[in-house]
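Q: Just dropping this structure here.
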Amino acid sequence: MVKFTNVVKTYGEHVAVKNLNLEIPEGELVVLIGPSGCGKTTTLKMVNRLIEPTSGDIFIRDRNVMELNPVALRREIGYVIQQIGLFPNMTIEQNIDVVPRLLGWPAEKRKRRVYELLEMVGMEPDIYASRYPTELSGGQQQRIGVLRALAVEPPLILMDEPFGALDPIARETLQDELKSLQARLNKTTIFVTHDMDEALKLADRVVVMNQGQVVQVATPEELLRKPANDFVASFIGKNRLNGEALQSVEQIMLLNPVTVSPQLGLAEGLALMKRRKVDTVLVVDEDRKLLGGVAVEILDREHKRAKTIGEIVTQESPLPTINRRASAKEAFDMMVGEKLKYLPVIDENNALVGLVTRNSMVDALASAVWGDEGE
Ligand SMILES: Nc1ncnc2c1ncn2[C@@H]1O[C@H](COP(=O)(O)OP(=O)(O)O)[C@@H](O)[C@H]1O
Ligand SMILES: [Mg+2]
C-alpha cells in the first residue's frame, strides 16, 4: 500500500531522514517510534507531501506521490495530529463534515455519515453534533479529530502523536477505541509515537527509528523478545520480559492476534487470512468482545452457504479462553491438557487482549531459559 524506496530528507547539512526503505501492506497499522528528532514526523509528512523528499520515492498503491496533485492526495489521506485544530466556531457536525463538504457529497449523505461516526465511538449524535469544540473535553476533541480523518473513508491514515497531549486515562480510552476501529475497518495506518507502551499496544509492526534511520522493523512480540541492538533494548525498557518474571499469561501472549468483525464477508476473511498467513482468525465485536474463532477450513467449507463470518462463528463450540490475570503455567496446562492450538486471552469484560499460541509459548519459555543473547 505504501512503499518508501531510498527516501532521504536533508535540511542543509542536517540529515533528517537517511535512506528509508519500508513497505507497508494494505490494512496494516505500523507504528513509527523513536526519540524526539529522529525523523518520525518528517517521514509521515513526506507521505502526504507536506514535506517533499530530497531524493528517493514514495508510492501509494503503486502511484508515485510526487506525480499526484498534492491537494487531491491529501484529501484521500486521513491526517490526525496532536494539536487537532478543530475549528472553534464550527459545531462538531461541521467539523467532522469538512472534507465531505469539500468533496461535494449530498447533504443527506453527509449528515448520515457524521451520525454514524459519532455513534461508532459512543458519542450520542443528538447531543454532540450541535455542540462546539470548547464544550468538549480534550479527549472528546481528539476523538472528533480522529472521526474527521475517517469521514470520507480514506484508504490511508497518518497519525502523528495523536494522543500525546491527553491525560493517561483519556489516552488509554482512545487507544482502545482506535484498536477496535482498526479491527473493524482494517485501514492502512501509519502512527507516530514516542511511547513504547502505545506502540506495543497498537502496532501490527513497529518501526524503531534513531537519528533518521530505521533500526528495527518487527512485530511487538519480536521486538520484546529480540531487540536488534542495545539502543532498541534500552528504548523498550528493561524488565518487560525476562526469565525470573515469566509468571503471567500476559507475558507469553501475542499482543495483536488477527481479528475480524462478524460483519466481514467470507471471501474477505479468506483473503485476510492469506495475507496475514494465519489459519485461524478470532471474531470480535465493536467492543473487542470475543465471539469465537474460525478456522480456514470452516471458511472454505461454508463459503457457499454463508455470507458473513458472523453466520458461521456461532456454530463453533465455545472457545476455551483464559483471563489475563492467570499465570503462564495455567495457560501452559490448558494448552497441553486440552490439546489446544491456541488460547485467547481475555480481560474482565470478556474483551480480547491477546493470544497464546504454541509458538508464542515456546518462544517465551526459550527466552526465559536461555535468554535472548546470541540468538
Ligand atoms: N524545517 C526544518 N529545518 C531544519 N531542520 C528540521 C526541520 N524540520 C525538522 N528538522 C530536523 O529534522 C530532524 C527530524 O525532525 P522530526 O521529523 O520532526 O523528528 P521527530 O518527529 O521524530 O521528533 C530533527 O533533527 C529536526 O530538528
Ligand atoms: Mg514529531
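Q: If you take the beta carbon distance between ASP300 and SER36 as r and set R0 to 35 Å, what does 1/(1 + (r/R0)^6) give as a FRET efficiency, to the nearest 0.05?
A: 0.10
Q: Go through the stretch 351-364 residue by residue and turn each phi into a ³J(HN,Hα) via Karplus (6.51, -1.76, 1.60, θ = phi - 60°); whole Hz please, and just put x for glycine and proline.
A: 8, 6, 10, x, 8, 9, 10, 4, 5, 5, 5, 4, 4, 5
Q: Still on this model: Taking neighbour Cβ counts within 10 Å as the exposure measure, how do ARG324, ARG143 sort from fewest upward?
A: Neighbour counts put them in this order, fewest first: ARG324, ARG143.
Q: Still on this structure, please answer the following. Which of the lysines could a cross-linker span from LYS289 if the Cα-Cα distance has to be under 28 Å and same-chain partners fewer than 8 positions apart are dropped?
A: Qualifying lysines at Cα under 28 Å: LYS179, LYS187, LYS201, LYS274, LYS277, LYS304, LYS307, LYS329, LYS339, LYS341.
Q: Hey, another quick one. What ranking, highest mean first, results for peptides 40-50, 286-296 when packing means the other Cβ atoms within 10 Å averaged over each residue?
A: Ranking the peptides 40-50, 286-296 by packing returns 40-50, 286-296.
Q: Can you pull the one-decimal nm distance between simple spin-label points at GLU116 and ASP57, each 7 Å off the Cα toward Cβ?
A: Spacing of the two 7 Å Cα→Cβ label points: 3.5 nm.
Q: Take the alpha-carbon centre of the stretch 66-135, take the same for the stretch 266-328, and report the distance between them in whole Å.
A: With the stretch 66-135 and the stretch 266-328 each reduced to a Cα centre, they are spaced 33 Å.
Q: From the phi of every residue in the stretch 285-297, what ³J(HN,Hα) in whole Hz does the Karplus formula 6.51 cos²θ - 1.76 cosθ + 1.60 yield, where θ is phi - 60° and glycine or proline is x?
A: Computed from phi, the couplings for the stretch 285-297 are 8, 4, 8, 6, 5, 7, 9, x, x, 10, 8, 4, 5 Hz.
Q: Which of the peptides 262-269, 158-165 is most tightly packed, and how do the rest follow, going by the mean number of other Cβ atoms within 10 Å of each residue?
A: 158-165, 262-269
Q: Hey, another quick one. How much length is gained on full extension from ASN349 to ASP197, taking 0.36 nm per residue of separation minus their Cα-Cα distance?
A: Residue separation times 0.36 nm, minus the Cα-Cα distance, leaves 52.6 nm.
Q: Expressed as cubic angstrom per residue, what is the convex hull volume of the alpha carbon set of the stretch 249-367?
A: Hull volume normalised by residue count: 97 Å³.
Q: Continuing with the same structure: Taking 0.36 nm per intervening residue step and subtracting the Cα-Cα distance, what contour gain separates MET90 from ALA165 on full extension?
A: 24.8 nm
Q: While we're here: Which far-off residues, 5 or more places away or on another chain, put their amide H under 5 Å from the one on MET209, with H placed in the peptide plane?
A: Under 5 Å from the amide H of MET209 lie the amide H atoms of ILE33, GLY34, VAL215, each far enough along the sequence or on another chain.
Q: Right, something else. Around ILE81, which amide H atoms from residues at least 5 apart in sequence, or from another chain, sit under 5 Å from its own amide H, with H modelled in the peptide plane?
A: Correct list: ASP160.
Q: If you don't mind, there's one more thing I want to ask. State whether the stretch 8-72 is rounded, prolate or oblate according to the following rule on the C-alpha gyration tensor (a ≥ b ≥ c being the square roots of its eigenvalues): a/c under 1.5 gives rounded; otherwise a/b larger than b/c gives prolate, and the remaining case gives oblate.
A: oblate
Q: If you don't mind, there's one more thing I want to ask. Please label the shape of the chain as rounded, prolate or oblate, based on the square roots a ≥ b ≥ c of the eigenvalues of the alpha-carbon gyration tensor (a/c under 1.5 means rounded; beyond that, a/b larger than b/c means prolate, else oblate).
A: It comes out oblate by the Cα gyration axes.
Bear in mind these aren't lab numbers, they're just calculated from the coordinates by the rules spelled out. In this text the structure is predicted, and so the values were computed from the model without any measurement. Glycine also receives a Cβ, built like all others from the backbone with ideal geometry; neighbour counts cover every protein chain displayed.
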